[in-house]
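The values are calculated or read from the model by the stated rules, or taken from the named source; none is laboratory data. Note that the coordinates shown come from a computational prediction; the quantities given were computed from them, not determined experimentally. Cβ placement follows ideal geometry from the backbone for every residue including glycine, while neighbour counts extend to all protein chains displayed.
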Amino acid sequence: MTVLVVAGVLVSQGAYAAINSTRPSNGNSPMFAIPSNSFIKAVHSQGKGYSFMHQSSGSSKGLRSPNLGDKTSNQNVLLTLNTGSLETIHLINEDTTNSKHNLNLDEFNVHTRDLGYFESQSIIFIADKAGTFKVYFNIHPEMTGTIVVRDPTQVP
């Protein structure tokens, strides 16, 4: 009997965690949809200092390149999203200087914890407001960014 009670508790806790993981940071209920993915990798390179590489959609495979050329790295994140879309930002810290990194986007309640070397965190949110929003990094204020959320029904 005790085994059944323990098994039941574990199953309910697992189900609660699974459903809760589908709740966006700026939402109240779970979203059972496939989000778009944006990968942001924080790095440090000789001569360029702190910077990051980012890629929208697909996987983080394109971020594996050791070459931090101008096409893929900078200090200003820029993402363009559509209103109403479900989004996931994946922050990956690959800064070999062992510096911590975080990411914040106040308007959508997106805040990662301070990530140590080789840690990552994913945040799901709904792009429910149109406009231009500032992304900032508390630990490295020189790293900033902009997320533009546009209403696809409006002609620019």
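So here's what we get for this one:
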read-out	value
Among residues of the stretch 122-137, those that are within 15 Å of ASN104 (Cα to Cα), surrounded by 14 or more Cβ atoms within 10 Å (Cβ to Cβ) and out of contact with any Pro (no Cβ under 7 Å at 6 or more places or on another chain), counted	7
Long-range neighbours under 7 Å by Cβ, at least six apart or interchain, first residue closer than 14 Å to ASN102 by Cα within the stretch 45-62, second at pLDDT 70 or above and loosely packed, with under 13 Cβ neighbours inside 10 Å	TYR50/GLU142
Considering residues of the stretch 20-49 that are at pLDDT below 80 and in a strand (DSSP E or B) only, the residue surrounded by the fewest Cβ atoms within 10 Å (Cβ to Cβ)	GLY49
Unmet requirement for LYS61, which otherwise passes all of (1) surrounded by 10 or more Cβ atoms within 10 Å (Cβ to Cβ); (2) modelled with pLDDT under 75; (3) charged (D, E, K, R)	(1)
